[in-house]
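A.B. asks: Below is a structure I'd like to ask you about.
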Amino acid sequence: MTRRPFATLAALATALALAACSSAVKLDDPAPVENRGAGAAGSAGGAAGGASGAPIGSERPIAQVTVDPSKDPLNDPNSPLSKRSIYFDFDSFTIKDEFRGVVEAHAKYLVANKTRKVVIQGNTDERGSREYNLALGQKRSEAVRRALASLGVADAQIEAVSFGEEKPKSTGSDESAFAENRRADLAYQ
Amino acid sequence: MPGPVKRSRRFTPTYNPATMKRLLRLLRLLPLLAGTLSLLGGPALAQMRIDVSGVGATQLPIAIAGFVNDARAPQDIAAVVRSDLARSGAFRVIDPQQTLSDTAPVDFAALRTRGADTFVAGSVAKLADGRYDIRYRLYDAVKQAPIAGESLVAPEADLRLAGHRIADAIIEKLTGEKGVFSTRIAFVSKQGNRFRLNVADWDGENVQSPLVSPEPIISPSWSPDGGRLAYVSFEQKKPVVYVHTLATGQRVAVANFKGSNSAPAWSPDGRTLAVALTLNGLSQIYLINAADGANARRLTTSNAIDTEPVFSPDGRTLYFTSDRGGSPQIYRMPASGGDATRVTFGSSYNVSPRVSPDGRNLAFLTRRDGRYFVGLKDLGPGGNETVLTDSGQEESPSFAPNGRWIMYATQQGGRDSLMATSVDGRVKQRLSSSLGDIREPSWGPFLR
């Protein structure tokens, strides 16, 4: 039986392609955590003593600063900034009056803190097309983005994105779950 | 990807088309078999299960003997051929309870007694280089003569593919329908918080996962050459469109603009992707270079949502979903830009357009009474919109490359599963999986 060289070559190519096919790309290695920038790390202010004379040890004073996250108004549970979710009615993309205060508080904070950036993540319930739901989620995040922009927040500080139906907060398939998922979240970066 | 190598055609077919047509006409008169044909697919370790229900308008009775397998090849090739042909709905597969080589004499009288009009026998032999030589012969049992046959050479990993190739040759020979048994599908699975992009044989067997991620993956779409997949991944905490070369694992983020990037669709020449971007607020349709994402140009300009673009097979027309008229409907426009015209009217929610490979039909998702079905529309003048499915939780239709099947996502027992329906709605196949929730099917092209 004669074997055609083409057959051998093609089979070799198959073997190579198959070997390559089996290499899956994994994405679950956690990104390394970098601690950069001024943000939370304490700026150690020197508290110089004003006494005359020279008590021993006074030439090397150290004043302790304790970082208190509750001092950032974002983390104050009593601040309207602690509310990060805006809920929408069925098939609706307008911000309801009850969430105006939340949006205004975040706008004020972002105007006062030009280095802070926020991503607005739109969500929908699970019914219908995933891609159309992605576009509907964007319509919700875009409504919040526009509201913030109209209150003076710079474009560079805001990004509106959508998770569509892909990252439901509630996984049920009833009206209360659907309502929970008709939502835009503010995620500070 | 190259498959088994077709080495030689060993017979001159003595097949007579007139005889076959007469045979087909007779078969149409047979009463239709009702009920459900349940098949456990493939080898014992199979992760997928397929249930077939319904039968085609005609069913050809075919007997398929076990292939003589002196080489102890680790794959029962005759079983692959049998299940492919049975699942197509176009055959009534008879097990002749025998193993017969392609060169052995055939007892046609016994086959006729069992009701077989056609018969397949074959053999598997190991070659010196470790590959397998698979031979089969297809007989007309009425005329008692061989009508087709072939020798295929395949490495061990491609033995199932060899079986699919044989089934493709048989269905094309006997029905004229181009087989899709050797094509592949892509789909997404979710198990716990782990998402996988998967590629499998058409029947869900032979699953490989080119991408594993802790974040969602949606909208896989095959490049026309079958070598790359475009999809949307949320691994950067927002939707970004990637093009992934399957053989190397190379990935390019082709659309990673501010906002959301989604809904990739290949142009027929494989050079351009249509995508939905949100650079100006709501989703609008743009074209980008498939290789590197460069040269983004906006195609639609509406104050509404425009998304889910898909090219017609000739590349001239773009179908897409838009709610510019108040409800989400399918529109079409020239792929070079211009005015859009509305295509669907039968409900207040018609989305996810997919054009059939011949350009004549449109499959889509339609909402009726709060439930979601796969619809089909004849794109000719005055073509109606029909509903093809019945469970009411459908999503993501995808045409087989021969246009005879539509695969889609649905639910069963609270879990996402995949189904395929023949375009006439008569035959349905359900794929359930040990991979958890399976969804977002995309049927790949014919391999060249």
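A.B. asks: Quick check: is even one residue across region B:155-164 on the phi > 0 side of the Ramachandran plot, part of a loop (DSSP other than H, G, I, E, B) and surrounded by fewer than 23 Cβ atoms within 10 Å (Cβ to Cβ)?
C.D. replies: no
A.B. asks: Output the number of residues of region B:420-430 satisfying the condition of being farther than 18 Å from B:PRO401 by Cβ and part of a strand (DSSP E or B). So that I can check it myself, show each step before the final result.
C.D. replies: In the first step, residues of region B:420-430 are kept if they are farther than 18 Å from B:PRO401 by Cβ; the result is B:425-426, B:428, B:430.
Then drop every residue that is not part of a strand (DSSP E or B), which leaves B:428, B:430.
So the answer is 2.
A.B. asks: Which condition does A:GLN189 not pass, out of (1) polar (S, T, N, Q); (2) within 12 Å of chain B (Cβ to nearest Cβ); (3) touching a residue at least 40 places away in the same chain (Cβ under 8 Å); (4) buried (at least 17 other Cβ atoms within 10 Å of the Cβ), if it passes all the others?
C.D. replies: For A:GLN189, the exception is condition (4).
A.B. asks: Of the conditions (1) within 20 Å of the chain's Cα centre (by Cα); (2) of a type in the set (S, T, N, Q); (3) farther than 15 Å from A:GLU131 by Cβ, B:SER221 fails just one. Which one is it?
C.D. replies: B:SER221 satisfies every listed condition except (3).
A.B. asks: Taking B:ALA247 and the conditions (1) out of contact with any Cys (no Cβ under 7 Å at 6 or more places or on another chain); (2) facing another protein chain (nearest Cβ under 10 Å), which numbered condition does it fall short on, given that it satisfies the others?
C.D. replies: The single condition B:ALA247 does not satisfy is (1).
A.B. asks: To continue, here is another question. A:ALA156 passes all but one of (1) within 11 Å of chain B (Cβ to nearest Cβ); (2) within 15 Å of A:ASN123 (Cα to Cα); (3) loosely packed, with under 15 Cβ neighbours inside 10 Å; (4) within 16 Å of the chain's Cα centre (by Cα); which number fails?
C.D. replies: With respect to (1) within 11 Å of chain B (Cβ to nearest Cβ); (2) within 15 Å of A:ASN123 (Cα to Cα); (3) loosely packed, with under 15 Cβ neighbours inside 10 Å; (4) within 16 Å of the chain's Cα centre (by Cα), A:ALA156 is out only on (2).
A.B. asks: Can you pull out every residue in region A:134-153 that is more than 10 Å from chain B (Cβ to nearest Cβ) and of a type in the set (Lys, Arg)?
C.D. replies: Once the filter is applied, which keeps residues that are more than 10 Å from chain B (Cβ to nearest Cβ) and of a type in the set (Lys, Arg), region A:134-153 yields only A:ARG140.
A.B. asks: Between B:SER398, B:SER312, B:SER336, which is assigned by TED's automatic domain parsing to the domain that holds B:ILE288, closer than 28 Å to B:SER434 by Cα and small (Gly, Ala, Ser)?
C.D. replies: Working: B:SER312 fails: closer than 28 Å to B:SER434 by Cα; B:SER336 fails: closer than 28 Å to B:SER434 by Cα.
After ruling out the rest, the residue left standing is B:SER398.
A.B. asks: Among the residues of region A:109-128, are any within 16 Å of the chain's Cα centre (by Cα), assigned to a helix (DSSP H, G or I) and within 12 Å of chain B (Cβ to nearest Cβ)?
C.D. replies: no
A.B. asks: Next question, about the same structure. Does region B:380-394 contain at least one residue that is in a strand (DSSP E or B), outside the structural domain of B:ALA86 (by TED's automatic domain parsing) and crowded, with 23+ Cβ neighbours inside 10 Å?
C.D. replies: Initially, region B:380-394 is screened for residues in a strand (DSSP E or B), giving B:385-387, B:393.
Of the ones still in play, those that are also outside the structural domain of B:ALA86 (by TED's automatic domain parsing) are B:385-387, B:393.
Still in the list and also crowded, with 23+ Cβ neighbours inside 10 Å: none.
No, that holds for no residue.
To keep it simple, each residue is scored yes or no on (1) touching a Phe, Trp or Tyr at 6+ places or on another chain (Cβ under 6 Å); (2) of a type outside the set (Ser, Thr, Tyr).
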residue: B:ASN261; (1), (2): no, yes
residue: B:SER267; (1), (2): yes, no
residue: B:THR300; (1), (2): no, no
residue: B:ASP314; (1), (2): no, yes
residue: B:GLY326; (1), (2): no, yes
residue: B:GLN329; (1), (2): no, yes
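A.B. asks: Next question, about the same structure. Does B:LEU279 qualify as being closer than 27 Å to A:GLN138 by Cβ, of a type outside the set (Lys, Arg), more than 10 Å from chain A (Cβ to nearest Cβ) and outside any strand (DSSP E or B)?
C.D. replies: yes
A.B. asks: Return the residues of region B:221-244 that are under 24 Å from B:ALA409 (Cβ atoms) and facing chain A (nearest Cβ under 9 Å); say none if nothing qualifies.
C.D. replies: B:VAL232, B:SER233, B:PHE234, B:GLU235, B:LYS238, B:PRO239, B:HIS244, listed by residue number.
A.B. asks: Right, here's the next one. What residue, among those in region B:88-139 that are in a loop (DSSP other than H, G, I, E, B) and within 14 Å of another protein chain (Cβ to nearest Cβ), is surrounded by the most Cβ atoms within 10 Å (Cβ to Cβ)?
C.D. replies: Going through region B:88-139, the residues in a loop (DSSP other than H, G, I, E, B) turn out to be B:88-90, B:95-98, B:100-107, B:114-117, B:127-131.
Now narrow it down to the ones that are within 14 Å of another protein chain (Cβ to nearest Cβ): B:127-131.
Working: B:LEU127: 14, B:ALA128: 7, B:ASP129: 11, B:GLY130: 10, B:ARG131: 23.
Among those that are in a loop (DSSP other than H, G, I, E, B) and within 14 Å of another protein chain (Cβ to nearest Cβ), it is B:ARG131.
A.B. asks: So B:GLY359 ticks every box in (1) on the phi > 0 side of the Ramachandran plot; (2) free of Cβ contacts under 8 Å to residues at least 40 places away in the same chain but one. Which box is left unticked?
C.D. replies: So the condition that B:GLY359 fails would be (2).
A.B. asks: Exactly one condition in (1) more than 14 Å from chain A (Cβ to nearest Cβ); (2) within 19 Å of B:GLU308 (Cα to Cα); (3) of a type in the set (Phe, Trp, Tyr) is false for B:PHE446; which is it?
C.D. replies: Going through (1) more than 14 Å from chain A (Cβ to nearest Cβ); (2) within 19 Å of B:GLU308 (Cα to Cα); (3) of a type in the set (Phe, Trp, Tyr) one by one, B:PHE446 breaks only (2).
A.B. asks: Does any residue of region B:150-164 turn out to be in contact (Cβ under 8 Å) with a residue 60 or more places away in the chain and under 15 Å from B:ARG87 (Cα atoms)?
C.D. replies: Within region B:150-164, one or more residues are in contact (Cβ under 8 Å) with a residue 60 or more places away in the chain and under 15 Å from B:ARG87 (Cα atoms).
A.B. asks: Separate question: Here's a check for you: in region B:225-258, which residue that is of a type outside the set (S, T, N, Q) and touching a helix residue (DSSP H, G or I) at 6+ places or on another chain (Cβ under 7 Å) is surrounded by the fewest Cβ atoms within 10 Å (Cβ to Cβ)? Give the steps one after another, and end with the answer.
C.D. replies: Here is the first cut: in region B:225-258, the ones of a type outside the set (S, T, N, Q) are B:225-232, B:234-235, B:237-244, B:246-247, B:249, B:251-255, B:257-258.
Of the ones still in play, those that are also touching a helix residue (DSSP H, G or I) at 6+ places or on another chain (Cβ under 7 Å) are B:239, B:246-247.
Values: B:PRO239: 31, B:LEU246: 24, B:ALA247: 16.
Selected residue: B:ALA247.
A.B. asks: Report yes if B:GLU150 is farther than 17 Å from B:LEU246 by Cβ and out of contact with any strand residue (DSSP E or B) (no Cβ under 8 Å at 6 or more places or on another chain), otherwise no.
C.D. replies: no
A.B. asks: Among the residues in region B:140-147, are any outside any strand (DSSP E or B), of a type in the set (A, V, I, L, M), surrounded by fewer than 19 Cβ atoms within 10 Å (Cβ to Cβ) and in the same structural domain as B:SER88 (by TED's automatic domain parsing)? Before you say what the answer is, go through the steps one by one.
C.D. replies: Restricting attention to region B:140-147, the residues satisfying the condition of being outside any strand (DSSP E or B) are B:141-144.
Narrowing the set further to residues that are of a type in the set (A, V, I, L, M) leaves B:141-142.
Going one step further and asking which of them are surrounded by fewer than 19 Cβ atoms within 10 Å (Cβ to Cβ), we end up with B:142.
Within this subset, residues satisfying the condition of being in the same structural domain as B:SER88 (by TED's automatic domain parsing) are B:142.
Yes: region B:140-147 contains one or more residues that are outside any strand (DSSP E or B), of a type in the set (A, V, I, L, M), surrounded by fewer than 19 Cβ atoms within 10 Å (Cβ to Cβ) and in the same structural domain as B:SER88 (by TED's automatic domain parsing).
A.B. asks: Another question about this same structure. Contact list please: Cβ distance under 9 Å, first residue in region B:205-220 and without any contact (Cβ under 8 Å) to a residue 24 or more places away in the chain and facing another protein chain (nearest Cβ under 7 Å), second residue surrounded by fewer than 20 Cβ atoms within 10 Å (Cβ to Cβ) and of a type in the set (Gly, Ala, Ser), pairs at least six apart or on different chains.
C.D. replies: B:GLN208/A:SER22; B:GLN208/A:ALA24; B:SER209/A:ALA24; B:VAL212/A:ALA24
A.B. asks: Looking only at region B:251-260, count how many residues are facing chain A (nearest Cβ under 9 Å) and either assigned to a strand (DSSP E or B) or of a type outside the set (D, E, K, R) (or both).
C.D. replies: 3
The values are calculated or read from the model by the stated rules, or taken from the named source; none is laboratory data. The structure displayed is predicted, hence computed values, not measured ones. Methodologically, a virtual Cβ is constructed for each residue, glycine included, from the backbone with ideal geometry; neighbour enumeration extends over all protein chains shown.
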